[in-house]
Structure formats: C-alpha cells, structure tokens
1. Within segment 161-184, track down each residue that is open to solvent by 40 Å² or more (accessible area, probe 1.4 Å), more than 24 Å from Gly100 (Cβ to Cβ), touching a strand residue (DSSP E or B) at 6+ places or on another chain (Cβ under 9 Å) and in contact (Cβ under 8 Å) with a residue 12 or more places away in the chain.
2. What number of residues in segment 168-216 are among the hydrophobic types (A, V, I, L, M, F, W, C) and at pLDDT below 95?
3. Can you name the residue in segment 3-46 that is farther than 26 Å from Ile280 by Cβ and among the acidic types (Asp, Glu) and is also modelled with the lowest pLDDT among such residues?
4. Any residue that is in contact with a strand residue (DSSP E or B) (Cβ under 9 Å, 6 or more places away or on another chain) and either among the polar types (S, T, N, Q) or over 22 Å from Thr155 (Cβ atoms) (or both) - is there at least one of those in segment 89-97?
5. Just the residues that are over 24 Å from Thr311 (Cα atoms), surrounded by 19 or more Cβ atoms within 10 Å (Cβ to Cβ) and either without any contact (Cβ under 8 Å) to a residue 12 or more places away in the chain or out of contact with any strand residue (DSSP E or B) (no Cβ under 7 Å at 6 or more places or on another chain) (or both), please, taken from segment 243-261.
6. In segment 185-215, which residues are touching a Phe, Trp or Tyr at 6+ places or on another chain (Cβ under 8 Å) and open to solvent by 40 Å² or more (accessible area, probe 1.4 Å)?
7. Test of understanding: among Leu190, Leu195, Leu204, Leu146, which residue is in contact with a helix residue (DSSP H, G or I) (Cβ under 9 Å, 6 or more places away or on another chain) and either within 26 Å of Gly291 (Cα to Cα) or assigned to a loop (DSSP other than H, G, I, E, B) (or both)?
8. Could you list all residues from segment 38-52 that are open to solvent by 100 Å² or more (accessible area, probe 1.4 Å) and of a type outside the set (S, T, N, Q)?
Amino acid sequence: MAEQPSGTTQPPRGLLERLPSLTILGPLVALLLAVVFFSLQSERFLTGQNFSLILQQVSVVAVLAIGQTLIILTAGIDLSVGFVMALGTMVMAKFAVELGMPPLLAILCGMAVTTAFGFLNGFLITRFRLPPFIVTLGTMNIAFALTQIYSRAQTVSNLPDAHLFWGNTFKLGETVFTYGVVLVIVLYLLVWFFLSETAPGRHLYAVGNNPEAARLMGIPTQRVLLLTYTIAGFFYGIAGWLLISRTSVADPNAGQTENLETITAVVLGGTSLFGGRGMILGTLLGAVIVGVFRNGLTLMGVSSVYQVLITGILVILAVVADQISKRRS
C-alpha cells in the first residue's frame, strides 16, 4: 500500500462536509456581482439606508419562502402561500378591531388559520395521494374567496400596537432597521439548525430525495409530509404579521404575487425543484437577490416591466443550472 507523502494530511471528513457547497456559493457570488454592478450604476445604492430598505422590502417574501423551501425540499410545491397569508392577516385584524379580542390572541388566531390551511394541504396530499400542484391550486382559490367574503373586499386599519410591533425601528450606527428584519434572520438560523443538525431535518431531505427508500429505512414519509405542510402554514402566519407591521393595514388584495416570488427566491437560492437538495440560507440569499435587482433597477430608472422580465430570466437560468447539476451528479 502506498504511503501518504510526508508533510501532507487529509482534512477531517467532518470539516469537508461543512465547507460551503456550490448550493450556497452560487447565490452568494450572484449577489455579490449584483451589488458591485448596481453600486457602480448609482451612488445611492451602496448606502446603509438603502440596504435597510431592501431588507424590509424582502422580509415578508423571505419568511413565506421558508415554508416554500421546506415543501420544495420534499419535491412538493405550494401555490397558496400568498392567499393563505392574506386570509391570516384579515383574521388577525378583524378579530382585534371588530370583535375586540386581545391583540396577541387575535394574532394567534390568524396564525392558527394559516397553520390549518397548511395541515389541510398536507392531509389531502398524504391521505388521498393527490398532486401538491392541484391541491394547493385549489386551496389558493379557497383562501382567496374566503378572504374576499370575510373582509367584504375592504381593508382594515387602526390596528393595535401589537400588530405593528415588527415595524418598530432601532438604530445600528447611522442606519435604521426594523425589528422585522431581525426576526427574519433569527427564523432562518433556527430553520438552518433544524435542517442541518436534527434527525427530523435529515428525514425531510431523505423524503424529498427518494421517498420509497426513505420509507424502507423506517422514516414515516407521510407524517413527514403532513408536518412539513403544517409547519409551512405556520410560517405563512408569521409572514402575515410582518406584512401588517410593514403596511399598518390588513389588505384583502395582499399576497397575489407572493406565490411566484417565493418560488423565485427558492430557485435562485439553489434549492432543487426536484426535491432533496438545497440549503435554507440559500433561499434567504435568493430573496435578497430579487430585492437587490428590483431596487438597483429602480434606482437606474428601469421600468417595472423590465424588472419582471429580468427576474423571469434569472429564474429560468437557475432552473437550467439545477438541471445540469442534477444530470452530472
């Protein structure tokens, strides 16, 4: 057996596994290139105030995208995210303003509604073996209709302070940030720990990679799917609370573009649409990438139509890269 040359050592396997992968390096490089490009195009781009604004603008989509990421990791999809969130915000607002319910209890009721929709999605998918696309397309329309009926297509204002908490600000140096941005970062760190350091998190990856193999290994695949959709619904409720805090009203027409925006963030973040591969922190980078492009193009005076066009091109390129990566592996 050939001896290893003196003076060289092999890095511990655990260290290699913890080195950043292409899944996270790709979105990070894309984000850095975008920042460099837009900072050269506009003097206002690379400022603390503008950076804070970008984080505030993407905070709601970023939280929604946590739930979307968990579902896509299982090789599923959720088209109902934005409309379920809108229904949750309406429950939070009307329960507090019109029914006189204590604000925190009203917020919990709104989260219970979004969590129940997540459970419903998971139950229909696991119990009746229905395609996630069809199930969530149906619940998307149900949530939208219920929101319009319950709200009578009217916004709710004059919300209690508890509903607006995440919109409060604090100073870090000369830059003002909202508490909502801090919440987003904390949530991503918690979900990252769950996925990378716990057995249930690894089970989620296994189900998305090969559900039959996961079942033969003793993993309760149907229970994992049900819990994944339910937990995703809970995150939609948190996103609804954030949205109310940002806008100071509950709007029944909110959430109509968030469905595609969350998928965009997930795909740009390097998570495979075929399940089993991806990192939650990549989704955060994907959401920020979209925010950076829209903010930078706005500062350059580019029409919003072209912003949508460029975002669509980015999504297609990300999916193509994912397909090439899957075929090679």
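1. Val176, Tyr179
2. Qualifying residue count for the region: 1.
3. Filtering first and then ranking leaves Glu3.
4. Yes, there is a match, as at least one residue in segment 89-97 is in contact with a strand residue (DSSP E or B) (Cβ under 9 Å, 6 or more places away or on another chain) and either among the polar types (S, T, N, Q) or over 22 Å from Thr155 (Cβ atoms) (or both).
5. Answer for segment 243-261, where residues must be over 24 Å from Thr311 (Cα atoms), surrounded by 19 or more Cβ atoms within 10 Å (Cβ to Cβ) and either without any contact (Cβ under 8 Å) to a residue 12 or more places away in the chain or out of contact with any strand residue (DSSP E or B) (no Cβ under 7 Å at 6 or more places or on another chain) (or both): Ser245, Asp251, Pro252.
6. Scanning segment 185-215 gives a single hit, Pro200.
7. Answer to the check: Leu195.
8. Leu40, Glu43, Arg44, Leu46, Phe51
The values are calculated or read from the model by the stated rules, or taken from the named source; none is laboratory data. Please read these numbers as outputs of a predicted model, since none were measured by experiment. Note: ideal-geometry Cβ built from the backbone for every residue, glycine included; neighbour counts use all protein chains shown. Accessible surface is based on the protein model in full, side chains and every heavy atom, while ligands, DNA and RNA are left aside. Shrake-Rupley method; radii C 1.70, N 1.55, O 1.52, S 1.80 Å.
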